[in-house]
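As structure tokens, the structure follows; a few thoughts come after it.
What follows draws every value from the coordinates through simple rules; no lab data is involved. In this text, all values refer to a predicted model and were calculated from it rather than measured experimentally. Virtual Cβ from ideal backbone geometry, glycine too; neighbours counted across all protein chains shown.
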Amino acid sequence: MKPASTLTLALAVLSLLLFTACSEAPEDDGPAPVTYVHSMDGAPKSLDPARASSIYGKTLVLNLYDTLYRYRYLARPYALAPNLAAALPEFSEDGLTLTIRLKEGVRFVDDPAFPDGVGREVVASDVVYSLLRHFDPETQSQGAWLWRERIEGLEEWKAAGADYDAPPPGLRALDEHTLQLRLTQPYPQIVYTLTQGYAAVLPREAVAYHGEGLGTHAVGSGPFRLISVDRTRAVLERNSAFRQEPVSLAAEGFDPAFDEGLGLERIEGRAPPFLDRLEVEFIREDAARWNAFFAGETEFLKLPVAQFDRVLESRDPVRLQPNMAERFHVQAAPEAGFVYTSFNMDDPAIGDHPDPDQDERNRALRCAIVKAFDWPTRNQQFSGGLGRVFPGVIPPVVPEFNPDLDPTSITHDLEGAQALLTEYGWNAENLPVLKWGFPSSVTDRQLFELFRGYMVTLGFPAEKVQPLVYASFGDFLRAFTNREVMLVTTGWTLDYPDAENTLQLFYGRNASPGANNGNFDDEEFNRLYREAAVLEPSPERTALFQAMNQRVLDECAAISGLNRRLLLLWSRELAMQPDRAFVGGYFFRFIDRLTPEVP
Amino acid sequence: MSLAGYLLRRLVHGAALMLGVALLSFTLMVQFGPDQTFELLGKNPTTEDIETVRENLGYDRPFLMRFGDWLSHTLRGDFGVSAANGEPVGPLLGRAFPITLALVLPGFLIGNVLGLLLGMLAAWHRGGAWDRLVLGGSVAGLSLSFLVIIIVLQLLLCTPYGLNLFPTRGWRVDGLGSYFYYVTVPTLALITVSLGYNTRFYRAVILEELGREHIRTARAFGAGGGELLFTHALRNAAVPVLTRLLYSIPLVLVSGSLLIETYFGIPGVGKIAFDAITSGDQAVLLAIVVLTAALFVAVQLLADAGSRLADPRLGSS
């Protein structure tokens, strides 16, 4: 082959490679689209509403699909608003039947799943289908637990073969725009569950057409439509057919004390979404996420703890350094959840014991460990000192939180802890071996070493505090679900702003493989839980919640807890109030750029 | 033995090797890999939920049956679906492969060409100042962590802390301009990390050639430095050079792109491999392992054929 023809061939191959590597087509001429580039510290695994279980997946799902209800943009405490539903549900007198009217004229986005590729109207049977899908074994849903044993006939429907053409009596479309749910018992959190990504409404045609492909396709009626998604980013565009509902800032809970100065006033009276294009970058590595944000390639950042000192002038109150403040807004947002360590009550070395004397000694041992745990240091070293340590398991982000609760359980009291051990006859020889489980990671290892340090100070020989290291988080989950781990440290992200969601972590029926990973099974707690579970929010219910919280504290069932605060930074060129709490992502539809000026 | 016969024999060996790799990797992943069951379950799962997920993942089936099924599908080009999002693995890797190739090709080529030139320079001035300078630089390059190189280059070239000329991440290539915009910093990182290894290797190869009798003879006939290096030494070093180049390809494509793609947010094979490793996505991991083994076999065949063509004496031995 002559050199010239070799060169031509090489160029042809290179061109082919370049064009194959192209991820997007060139854009048309015209006014630049209003674009916002968001960053997240992880990537969604699946965009199928039934399987999108992470905050990353849910954030996208809630922008691609509609849910019946949503949270108001700015209202704190969180308040519900109709989304696809026309109004809040009508409850029957016994609280067991909900009737929900749907907005008319809402359409799914165009997709090849529909005849001629044109999206059709969203109707009540789509909601029925979307909820039933969680109970179809084919779906492998991760959200079924929200409605299991709550809706009449669901389990029977599943057992009878999951025939969508014969829905259960508790879930019916009365007509095209009316839906009825019949509950097995009062479920005060039911409306909250209908804000979740799991409750997103999708058409049956999409499941039939895309099948497993729904993990990377979306056929919804949300404010945005999916253009592309891969392991590094998702690109969404405005759903031009999204219903026109002008914003009322007052109705969305605008509070000048918190929201003034963010430019939010410009969205008053206008119909969202305001962005033409939404790009979401998935950047797990802290350094890369910071570099992209600082270089202006992304416009939002959840600040890594390691960067706090570089960015902040003051932590209390949170204030940016002047050069940063010129470019960015900052918000210290309480995380909707908490971190805690539960004792495996199934382990007779530290938990429940058939011998009442030993049982009491074990309780004293747990209480001594709780007392010896230094929460302020933990908060300082791992959460930049921004978190809020609180006693018990009702965190500050729910309305039932009691700020006046006795702080003894979170007060570092080494002398008291040592006295307790001595009183109950514990010494270096007879103390049990403590096994602290964690998935392999540097941070988890550091947390273990911190704990070991506390225990050695308390009087444990160092070799009696041992790590149980697991290769992955899945392996760790398997181990504590199989009740193999003595001390389980996890974080719980709340599903809705109601203390029931954290108290169920200690309900006996939810013991492993359920979310009660400490297998706490206290008769009194269980009785109170059952009593409170059917009550609407009220002072009576709050009193029951507080009593349950006290049972956990009295039994020293957990070392708890820390409500972390996230530092959120975003560009001053944007009008927005970001939020990662609960379901995350509803705020995207309200984001606007400050330029151009609104006419 | 004829070249075709020889290659056929190597192909049979290669197939056996691939089967061994497949069996070994399948065994390792099934026996020691992360259990995905609990990652695919929601909160408050029931025992029935756990069993259903295990059944769907095939965990309840005998090992040999699982291996047989997987192998028969793989031989038909069906690598299954990603456990993470249900996406078929074949198209997933098919989309990612051209991106990885376009990403690593410039760094691979430039890194080797530069390494070869520096190796020749050092070998020609053996023991002199140039040699010491090149070797010192190589050792410095070898000592640097790839991760550190990436972060420093990002800071220097992609952020307002430095020149802020290139993007910190992404791959939005729609033409030659954007290609250079996105590929430059990853290419510099690849060159920096590979140059030390390449230079030392090529220096050793050229040095060996320069010590041979035919070079002395050519020198005695008055051949100049350029002719000695490029015509006589390089041509005779073609076999080890070619072998190294070809054998580097699978490594560069998978391991080389792993960190680069993860840190630069590029949706190539390396990023997919990284995610599959961290999430225990067996279907994706197995496909990558088997395809890498296939690439090794193909490269081995190419290297053998190339070596025989470059040096016909190899065929007679």
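Candidates B:Ser2, B:Leu109, B:Thr47 compared by Cα position along the dipole of the stretch B:1-156: farthest toward the positive end lies B:Ser2, with charges placed on Cβ. May I ask you to derive the FRET efficiency for B:Ala298 and B:Glu55 from their Cβ-Cβ distance with R0 = 41 Å, giving the value to the nearest 0.05? The formula returns an efficiency of 0.65 here. Shape descriptor for the protein assembly as shown: Rg over Rh equals 1.01 (Cα atoms; Rh from the Kirkwood inverse mean 1/r).
The residues packed around A:Phe476, meaning those with a beta-carbon under 14 Å from its beta-carbon, carry a net charge of -1 if Lys and Arg are +1 and Asp and Glu are -1. Estimated purely from DSSP H runs of n ≥ 4, each contributing -39500 (n - 2.57), the mean residue ellipticity at 222 nm for chain A is -8000 deg cm²/dmol once divided by its residues. Note that the stretch A:340-357 has calculated 3J(HN,Hα) couplings of 7, 10, 9, 7, 6, 5, 7, 8, x, 6, 9, x, 5, 9, x, 7, x, 5 Hz, one per residue in order, obtained from phi through the Karplus relation 6.51 cos²θ - 1.76 cosθ + 1.60 (θ = phi - 60°); glycine and proline are x.
Residues B:Ile277, B:Ile266, A:Ile100, ranked from the fewest to the most other C-beta atoms within 10 Å, line up as B:Ile277, A:Ile100, B:Ile266.
With each label modelled as a point 7 angstrom along the Cα→C-beta vector, the A:Val318-B:Ala220 pair spans 8.1 nm. When the chymotrypsin sites (Phe, Trp or Tyr not before Pro) in the stretch B:149-182 are filtered for DSSP coil states and for at most 13 other beta-carbon atoms within 10 Å of their beta-carbon, the remaining sites are B:Tyr161.
On average over all directions, what projected area in square nanometres does the stretch A:482-535 have, based on the convex hull of its Cα atoms?
Its Cα hull, projected and averaged over all orientations, spans 4.1 nm².
In order along the stretch B:3-16, the Karplus-derived 3J(HN,Hα) couplings, from 6.51 cos²θ - 1.76 cosθ + 1.60 at θ = phi - 60°, round to 4, 5, x, 4, 5, 4, 4, 5, 5, 5, 4, x, 5, 5 Hz, and Gly and Pro are given as x. Using a Gaussian network for chain B with springs between C-alpha atoms less than 10 Å apart, which of these wobbles most: B:Thr159, B:Thr217, B:Thr37? Looking only at B:Thr159, B:Thr217, B:Thr37, the biggest GNM fluctuation is shown by B:Thr217. For the stretch A:396-505, the set of chymotrypsin sites (Phe, Trp or Tyr not before Pro) satisfying both a DSSP loop assignment and a count of at most 12 other C-beta atoms within 10 Å is empty.
Summed over qualifying helices (DSSP H, 4 residues or more, each -39500 (n - 2.57)) and divided by its residue number, chain B shows a 222 nm mean residue ellipticity of -24000 deg cm²/dmol. With θ taken as phi - 60° and the Karplus curve 6.51 cos²θ - 1.76 cosθ + 1.60 applied, the whole-hertz 3J(HN,Hα) list for the stretch A:103-116 is 5, 8, x, 7, 10, 5, 5, 5, 7, x, 5, 9, x, 6 Hz, x standing for glycine and proline. Extent of the stretch A:36-166 along its three principal axes (Cα atoms, max minus min coordinate, largest first): 45, 36, 33 Å. Positive-end ranking of A:Gly416, B:Phe274, A:Leu574 along the dipole of the protein assembly as shown, with charges on Cβ about the Cα centre, is headed by B:Phe274. Taking amide H as placed 1.01 Å from N in the peptide plane, the amide H of A:Ile227 sits under 5 Å from that of A:Val235, A:Leu236, A:Glu237, each at least 5 places away or on another chain. To the nearest ten degrees, helix A:523-533 and the longest principal axis of the Cα atoms of chain A are 30 degrees apart. Using 0.36 nm per residue and subtracting the Cα-Cα separation, the extra length available between A:Glu268 and A:Val442 on full extension is 58.0 nm.
Can you tell me how much longer the chain between A:Glu415 and A:Ser92 gets when fully stretched, taken as 0.36 nm per residue apart minus their C-alpha distance, in nm with one decimal?
Details: separation 323, 0.36 × 323 = 116.28 nm, distance 5.64 nm.
Going from the current span to full extension adds 110.6 nm.
In the elastic network of chain B, a GNM with C-alpha springs shorter than 10 Å, the most mobile of B:Val284, B:Val185, B:Val81 is B:Val81.
Taking the Cα centre of chain B as origin and assigning +1 to Lys and Arg Cβ atoms and -1 to Asp and Glu Cβ atoms, the resulting dipole is close to 1360 debye. The residues packed around A:Glu523, meaning those with a beta-carbon under 14 Å from its beta-carbon, carry a net charge of -4 if Lys and Arg are +1 and Asp and Glu are -1.
To the nearest µm²/s, what D does Stokes-Einstein give for the stretch B:88-192 at 4 °C and 1.567 mPa s, using the Kirkwood radius over alpha carbon pairs as Rh? It would help to have the intermediate numbers written out before the result.
Details: Rh = 15.8 Å.
D = 82 µm²/s.
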